[in-house]
Amino acid sequence: MGNIIFRPDIEGLRGWAVLLVVLYHLGFEALSGGYVGVDVFFVISGYLITGIILKDVDGGQFSFKTFYLRRIRRLLPALVSVILLTLISALFLLDPPEIVALTHSAIAAIFSLSNILFYSESGYWDAASASKPLLHTWSLSVEEQFYLIWPVFLFFFFKAASQLTRALLLGVIVLLGCILSAYMTTLDSSAAFFLTPFRVFQFAFGAFVYQCIQTYPHALELGSFSQSLIRVLSCLVLLYSAITLSDASHYPGWLAIIPTVATGALLLIRGNEISFFERLLFTNRFIRWFGKISYSLYLLHWPVIVFFTYAVLRDMNNNDRLILFVVSVLLAVILNSVVENYFYRRSGLGVFESPRRISLTGFLTASFATFFVLVAINIFYEGRVLSDQVSLTKAMVDEGKRDRYKFSRLACRLSKYPSHKACQNLDGSRVLFMGNSHETDGYNFYRGFVGRDINSEAILFGQTNSCPKIISENGVWRSADKQCQKRLNLLQSESFLKTIDTIVYSANKPFFINKLKFYEFFKQVKAVNSDIKLIVLGGFLNTKYPCSLLVNRFGSAGACFQKEFISYFPYNENRHKLYGGFISLADIYVDKVEIMCEERAPANCINTTSSGQPVFFDSHHLSRSYAELIGATFRSFYTGH
């Protein structure tokens with residue numbers, strides 16, 4: 001099978017990419033956007049795989065069987081080895097709910113479906129990353145899904161095409177893919193991040209770079225100075241992305257174009273001599289060594305970090321980071337030597353070959369055996385606890401999360417107003433619930449406050465999280481999403497607002513500056529109908545780790561309120577910029593901390609309900625019974641005053 005010429009600078013680029021990802025995961029604040037290292041890998045993969053396929057297609061030697069077997073040899077042995085090591089470690093380190101979740105993600109990883117699984121868990125259902133040792137395999141699944149489709153596309157559409165036609169077609173794919181990814185980022189950023197269709201443009205850009213080299217081979221050969229200039233500028237752009245981006249960035253979207261193009265520029269550079277900067281940055285032994293172990297290091301570093309974090313339940317310090325980095329590298333060296341090189345090695349000319357055909361068959365058999373072991377462990381641990389101290393099984397945690405929507409899912413939603421049956425059953429006074437993913441907390445609170453079923457009066461906006469980029473233009477609220485715009489149109493209708501008696505606002509960190517759109521909207525609503533009562537719910541506890549994890553670790557829901565596990569607690573909400581504005585609009589302000597926590601101290605908060613449910617099962621969304629408890633407690637407080 002054909003191979004493109006081995007380029008040591010690409011190996012060096014892989015080394016930088018994996019270091020960006022590892023240092024980002026280790027929590028180095030200076031590299032808050034180090035996840036762009038994954039984008040670099042995607043572009044490199046598109047470049048290399050396209051070259052390998054097209055050389056064989058042009059030579060009449062391409063074989064789907066051979067191609068897919070090579071991909072299996074390259075990726076599966078190391079992946080399954082890490083899954084097995086992770087599973088063995090988890091049996092000693094994790095609690096049953098996390099072990100069950102791990103078996104699900106392990107099965108998904110083996111079948112290249114991790115990205116779909118983790119997308120389905122994103123948002124409210126997402127557990128903290130500290131309890132997901134295989135979270136990073138999402139990117140491998142994206143690559144493997146790309147490898148499944150791309151050869152078919154190239155074989156049937158490029159076989160008889162000229163070099164220029166190929167370049168143009170790839171350019172169109174890149175352009176359309178960019179637009180699709182950017183558009184989906186505005187609608188559902190999790191889908192754009194995890195799912196392959198919205199990442200294809202990055203692989204295609206790598207393929208486009210390869211095809212440009214084939215179409216104009218001599219025009220792209222550059223001298224030493226030009227090479228150095230482009231390399232330096234491209235590296236600065238990548239570094240800029242890694243430094244300025246963060247978890248809060250609207251990514252991938254248009255922002256992903258920056259590291260994608262920078263990586264493509266580095267791949268595009270060709271010359272007859274190695275420049276000084278190429279030797280300094282990409283072809284020195286140190287960085288190429290990291291490039292050689294990049295796959296093993298990528299596979300191993302995240303489970304190491306997760307298990308450490310899970311064991312100590314505290315933030316990493318610099319000594320921890322150094323130790324974890326060294327441990328990850330040492331384990332990667334072993335995995336690379338013992339597994340990667342055993343099944344897939346490079347010959348002297350840079351051509352990859354498989355020295356162990358029979359061993360591969362055995363390994364595939366072992367992979368399927370691993371699958372059945374995972375299923376058995378999942379069944380065994382599904383409802384099991386390790387000791388009397390552990391009180392929440394995986395099934396209980398999942399049920400607790402579903403129970404949050406037990407009554408609200410039956411209520412009228414603005415997106416289905418007025419045709420839905422629940423909307424047609426509205427009678428008398430009407431209460432509109434608005435907020436981010438905490439909107440349901442507001443519903444459950446109000447249900448506890450009035451002490452009865454409220455679906456004859458409740459209308460839910462449906463969370464603003466599902467509405468991308470809500471903006472106000474001359475007092476008119478707009479969104480790029482049609483369903484969201486339909487809801488906004490209703491809220492801007494005088495006739496509709498006249499039917500609303502009360503609005504309940506519930507959001508996490510409700511007075512932070514990113515809630516400005518809520519304040520402006522409520523101000524506008526009050527101007528239209530001053531008779532509408534506005535109930536504003538204050539903020540409450542946020543934890544660094546899922547409360548269910550802390551309950552199981554320490555045997556008490558009180559652990560969720562311990563200072564060392566708190567990421568946010570509203571001791572004094574009046575210090576936030578929007579507090580005064582919201583209070584000026586509010587008819588009723590519900591200070592959850594004042595109600596639930598004696599002397600406003602976390603340690604003095606009521607931490608469970610009479611039914612034994614904790615404050616929440618994740619890190620900040622209230623359980624239904626706890627939200628109802630706040631409502632019932634506030635009713636006593638409110639009537640007393």
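The values are calculated or read from the model by the stated rules, or taken from the named source; none is laboratory data. Keep in mind it's a predicted model, so treat the numbers as computed, not measured. Every residue, glycine among them, receives a Cβ derived from its backbone with ideal geometry; neighbour counts consider all protein chains shown. Remember, those area values only see protein heavy atoms, side chains included, never the ligands or the DNA or RNA. Shrake-Rupley method; radii C 1.70, N 1.55, O 1.52, S 1.80 Å.
May I ask for log10 I(q)/I(0) of the chain at q = 0.06, 0.09 Å⁻¹, from a Debye sum over the Cα atoms as equal point scatterers with solvent left out? Summing over Cα pairs of the chain leads to -0.39, -0.84.
May I ask for the angle, rounded to the nearest 10°, between helix 96-110 and the longest principal axis of the chain, with both axes built from Cα atoms and the value confined to 0 to 90°? Roughly 40 degrees, rounded to the nearest 10. Every helix of 4 or more DSSP H residues in the chain counts as -39500 (n - 2.57), and over all residues that averages to -18000 deg cm²/dmol at 222 nm.
From the square roots a ≥ b ≥ c of the eigenvalues of the alpha-carbon gyration tensor of the stretch 77-122, which class results: rounded (a/c under 1.5), prolate (a/b over b/c), or oblate?
Working: a/c = 3.06, a/b = 1.18, b/c = 2.60.
Oblate.
Here the label points at residue 319 and residue 568, each 7 Å from Cα along the C-beta direction, are separated by 3.2 nm in the simple model.
Once C-alpha pairs closer than 8 Å and six or more residues apart are averaged by separation and normalised to the residue number of the chain, the relative contact order reads 15 percent. In terms of the Cα gyration tensor, with a ≥ b ≥ c the square roots of its eigenvalues, is the stretch 32-188 rounded because a/c is under 1.5, prolate because a/b exceeds b/c, or oblate? Cα axes put the stretch 32-188 in the oblate bin.
How would you classify the stretch 186-332 from its alpha-carbon gyration tensor, with a ≥ b ≥ c the square roots of the eigenvalues: rounded for a/c under 1.5, else prolate if a/b is greater than b/c, otherwise oblate? Present the calculation step by step, with values, prior to reporting the outcome.
Details: a/c = 2.27, a/b = 1.42, b/c = 1.60.
Oblate shape, in that a/c is at least 1.5 and b/c is the bigger or equal ratio.
Using a probe of 1.4 Å on the protein chains alone, the accessible area found for residue 636 is around 80 Å². Against the longest principal axis of the chain, how steep is helix 163-187, in degrees 0 to 90 to the nearest 10, with axes from Cα atoms? Roughly 20 degrees, rounded to the nearest 10. Kirkwood radius and radius of gyration were both taken over the C-alpha atoms of the stretch 519-641, and their ratio Rg/Rh is 1.02.
Equivalent ellipsoid semi-axes for the stretch 394-640, as square roots of 5 times the alpha carbon gyration tensor eigenvalues: give them largest first, rounded to whole Å. Show your work: numbers first, answer last.
Values: eigenvalues 177, 79, 61 Å².
Working from the Cα gyration tensor, I get semi-axes of 30, 20, 17 Å.
Taking every Cα-Cα distance in the stretch 1-110 and sorting them into 5 Å bins starting at zero, the pair-distance distribution P(r) comes out as 2, 10, 13, 14, 17, 17, 12, 8, 5, 2, 0 percent. For the peptides 441-448, 605-612, the ranking by packing is 441-448, 605-612, with the highest mean count of neighbouring Cβ atoms within 10 Å listed first.
Remark: the residue 498-residue 529 segment gains 10.5 nm on full extension, using 0.36 nm per residue and subtracting the alpha carbon distance. What is the Cα centroid distance between the stretch 470-496 and the stretch 430-444, reported in whole angstrom? Each part reduced to its Cα centre gives a spacing of 18 Å. Taking max minus min of the alpha-carbon positions on each principal axis, the stretch 36-91 gives extents of 50, 30, 9 Å, largest first. Calculate, for residue 246 and residue 483, the FRET efficiency according to 1/(1 + (r/R0)^6) with r their C-beta to C-beta distance and R0 30 Å; round to the nearest 0.05. So, using R0 = 30 Å, E works out to roughly 0.55. Using 0.36 nm per residue and subtracting the Cα-Cα separation, the extra length available between residue 91 and residue 64 on full extension is 5.8 nm. At an R0 of 41 angstrom, the distance between the Cβ atoms of residue 554 and residue 289 translates into a FRET efficiency of 0.45. Between residue 534 and 503, 587, 588, the built amide H atoms are under 5 Å apart, and every one of these is 5 or more places off in sequence or on another chain. When you restrict to C-alpha pairs under 8 Å that are six or more residues apart and normalise by the size of the stretch 394-640, the relative contact order lands at 23 percent. By DSSP, the beta bridges lying fully in the chain are antiparallel in about 35 percent of cases. Remark: accessible surface ordering of 193, 554, 565 (largest first) is 554, 193, 565, probe radius 1.4 Å. For the chain, carbon and sulfur atoms together expose 61% of the accessible surface, with a 1.4 angstrom probe and every protein chain in place. The stretch 12-61 and the stretch 501-517 have Cα centres spaced 41 Å apart.
Relative to the longest principal Cα axis of the chain, at what angle does helix 64-93 sit, 0 to 90 degrees, rounded to 10? Roughly 50 degrees, rounded to the nearest 10. Considering only DSSP beta bridges where both residues belong to the stretch 394-640, give the percentage that are antiparallel (nearest 5). Approximately 30 percent, going by the DSSP bridge assignments.
The Cys residues in the chain with no partner Cys Cβ within less than 4.7 Å of their Cβ are 178, 212, 235. Taking the centroid of alpha carbons for each part, the stretch 573-641 and the stretch 526-542 are 15 Å apart.
Given labels modelled 7 Å from the Cα in the Cβ direction, how far is it in nm from residue 155 to residue 577? If labels sit at residue 155 and residue 577, their model points lie 5.7 nm apart.
Sorted on the mean count of surrounding Cβ atoms within 10 Å across their residues, most packed first, peptides 172-179, 37-44 read 37-44, 172-179. In the stretch 394-640, taking the dipole from charged Cβ atoms about the Cα centre, the farthest positive-side position among 419, 612, 496 is held by 419. Spacing of the modelled spin labels on residue 402 and residue 520, each 7 Å from Cα toward Cβ, amounts to 4.1 nm. Sorting the segments 138-149, 539-550 by their mean number of nearby beta carbons within 10 angstrom, highest to lowest, gives 539-550, 138-149. Once backbone amide H atoms are built at 1.01 Å from N, residue 616 has 623 as its partners under 5 Å, excluding neighbours fewer than 5 places away on the same chain.
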